[in-house]
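The values are calculated or read from the model by the stated rules, or taken from the named source; none is laboratory data. If you're wondering where the values come from, they're calculated on a predicted model, not measured in any experiment. A quick note on method: Cβ atoms are made from the backbone with ideal geometry, for glycine too, and the neighbour counts reach across all protein chains shown.
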Amino acid sequence: MAGMVGPYSMDGVTMPTWLIRFDKNGQCTSPETRAALLDRLGTAAYSDIVFFSHGWNNDFDDATRLYASFLRSWESLAAAHPPARPAQPLFVGVLWPSIWLSFDSGPAIAGGAGGAARPDAATEALIEALDAAGATAEPLRRARELLARPSLGQAEAAELAALVAPAFGAAHDDEGSGANRDTSVRDLLFMLASMQQAAVGAAAPVAVDDWGESPEQVAAGNEPLAPGQAIQSAGWLSALDPRQALRLFSVYRMKDRAGTVGTQGVAPLLRDVMQASAARATPLHAVGHSYGCKVMLSAICAPPPLPRPVQSLLLLQPALSHLAFAHEVPGAGRPGGYRLALDPARVRGPIYSTYSRKDTPLHTTFHLALRRESDLGEAQIAAGQEPSTSAGRPPSRFAALGGYGPRRAGQRLVDPIPAAGTAYPAAPAGTPILAFDGSQGLISSHGDVTSATAAWALHQLMFR
């Protein structure tokens, strides 16, 4: 793509497809292509604009394969089920650097088959972040030494947690509580051990919300534990794989990066695309996958107001809090961080979102890795208070949107997701989100978002 200006041809795709690149700070790195796109939108007529962001662990080839596969499925459905109005859409695909620290099979929520980096490169990325946070030479040396070991005992795990916690910085739970808190040693140790338990295939998931207000207050005694005691006392493994620290660092850095790219880069592009197509008021349909849903929601919700509402929004297996749209997050006294997307001035609606128990990273791991000890004292959703579909009830207030569907947002949960060719149900009056459960086999994994099932959701949003 280097040096290319104009549409990017995709095998088997008829509609014009444009790819706009951003760096990790949200700066557009294909400004000439961006300018050419806006010029084209001002001079040519299209029936619709499909605006899509890929998710985590996708490099250029991964992202373009995902886009091409999705669009081929969509075009096949549009030919088999022609809409009543003309369908001559233009596609805009966002490219952002979402692959990082994937040194073996990828982090637990990785959404693609990205290339592998060496373990030492992953370690150095974490060391670089510690250096930027002000760590001195001896802590950096010791952290590097511990990260190089095949496993760590309890005391060493606690030491590593203390050494690397500054690299994680302040946690901003923008989809859930909206709170800003530093990552404590206990937070980090708890999350590392939880991720490891999930990674080794424990017979039963850790019941993280059944112990009391925080992870060091276990049911049998409620006595505070020292960080080094937490693994054994909570029934976890006594030997921690230090690579979990690298995975967890990747989880948080990519989550932060998705928000930055969405707010700083994709939001201005979204507004400019809508302005360029304003004369014809071309409907714009936003789509995101995994952390790409965070990119899109951050862009839609960023100030200033949009020139006109996004026509529709499709969230495919979103790696976000299931409380992202809640009218009030339990115990926090504030709405979910992306509730603004429910404003008809932002998204005409309804919003479609998919979820599935077959999405193991979001159904099983997300709520173990993406959490903070200091949040656990806030009230969580009790399972008995929430409706259940095939995916089950959210196990904690940290559960993923793509694992369990949205809650406390006036949503309707549809189980199962309609198969391709089957009409979607109309949204009842006042229902801003329809969430579709793919657990029956129609969404078989986190990356299963290019099938006819997923493409049919966009077809229904565009032509319902």
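Here are the numbers for the structure shown:
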| quantity | calculated |
| --- | --- |
| Selection from segment 140-155 of residues that are buried (at least 17 other Cβ atoms within 10 Å of the Cβ) and free of Cβ contacts under 8 Å to residues at least 60 places away in the same chain | 143 |
| Out of 431, 453, 422, sole residue that is farther than 21 Å from residue 288 by Cα, in the same structural domain as residue 290 (by TED's automatic domain parsing) and of a type in the set (Val, Ile, Thr) | 422 |
| Residues of segment 8-38 classified as closer than 30 Å to residue 77 by Cα and in contact (Cβ under 8 Å) with a residue 24 or more places away in the chain, total | 18 |
| Extreme residue, surrounded by the most Cβ atoms within 10 Å (Cβ to Cβ), among residues of segment 409-433 that are closer than 19 Å to residue 351 by Cβ and either β-branched (Val, Ile, Thr) or within 18 Å of the chain's Cα centre (by Cα) (or both) | 417 |
| Options 155, 165: the member that is under 30 Å from the mean Cα position of the chain (by Cα) and assigned to a helix (DSSP H, G or I) | 165 |
| Segments classed as strands (runs of 3 or more DSSP E), wholly inside segment 276-362, with at least 3 members that are among the hydroxyl-bearing types (Ser, Thr, Tyr) and out of contact with any Lys or Arg (no Cβ under 8 Å at 6 or more places or on another chain) | 351-355 |
| Selection count, segment 409-464, where residues are within 25 Å of residue 79 (Cα to Cα) and not in a loop (DSSP other than H, G, I, E, B) | 13 |
| Residues of segment 280-297 that turn out to be polar (S, T, N, Q) and on the phi < 0 side of the Ramachandran plot, as a count | 1 |
| Test: residue in segment 47-64 that is over 23 Å from the mean Cα position of the chain (by Cα), more than 19 Å from residue 291 (Cα to Cα), without any contact (Cβ under 8 Å) to a residue 60 or more places away in the chain and surrounded by fewer than 18 Cβ atoms within 10 Å (Cβ to Cβ) | no |
| Any hit, segment 88-101, residues being under 30 Å from residue 247 (Cα atoms), of a type in the set (Ser, Thr, Tyr) and either not assigned by TED's automatic domain parsing to the domain that holds residue 287 or not in a helix (DSSP H, G or I) (or both) | yes |
| Residues being in a loop (DSSP other than H, G, I, E, B) and among the hydroxyl-bearing types (Ser, Thr, Tyr) - total across segment 46-87 | 2 |
| Index of the failed condition, residue 232 passing every other in (1) at pLDDT below 55; (2) surrounded by fewer than 16 Cβ atoms within 10 Å (Cβ to Cβ); (3) in a loop (DSSP other than H, G, I, E, B) | (3) |
| Residue 383 vs. criteria among the small types (Gly, Ala, Ser), modelled with pLDDT under 85, out of contact with any Gly (no Cβ under 7 Å at 6 or more places or on another chain) and assigned by TED's automatic domain parsing to the domain that holds residue 429 | yes |
| Qualifying residue in segment 260-274 (condition: under 30 Å from residue 445 (Cβ atoms), at pLDDT 95 or above, part of a loop (DSSP other than H, G, I, E, B) and in contact with a strand residue (DSSP E or B) (Cβ under 6 Å, 6 or more places away or on another chain)) | no |
| Flag for residue 399 being assigned by TED's automatic domain parsing to the domain that holds residue 327, within 26 Å of residue 73 (Cα to Cα) and surrounded by 17 or more Cβ atoms within 10 Å (Cβ to Cβ) | no |
| From the options 134, 115, 176, 111, residue that is surrounded by fewer than 16 Cβ atoms within 10 Å (Cβ to Cβ) and at pLDDT below 85 | 115 |
| Subset of segment 30-46 [under 29 Å from the mean Cα position of the chain (by Cα) and among the polar types (S, T, N, Q)] | 30, 33 |
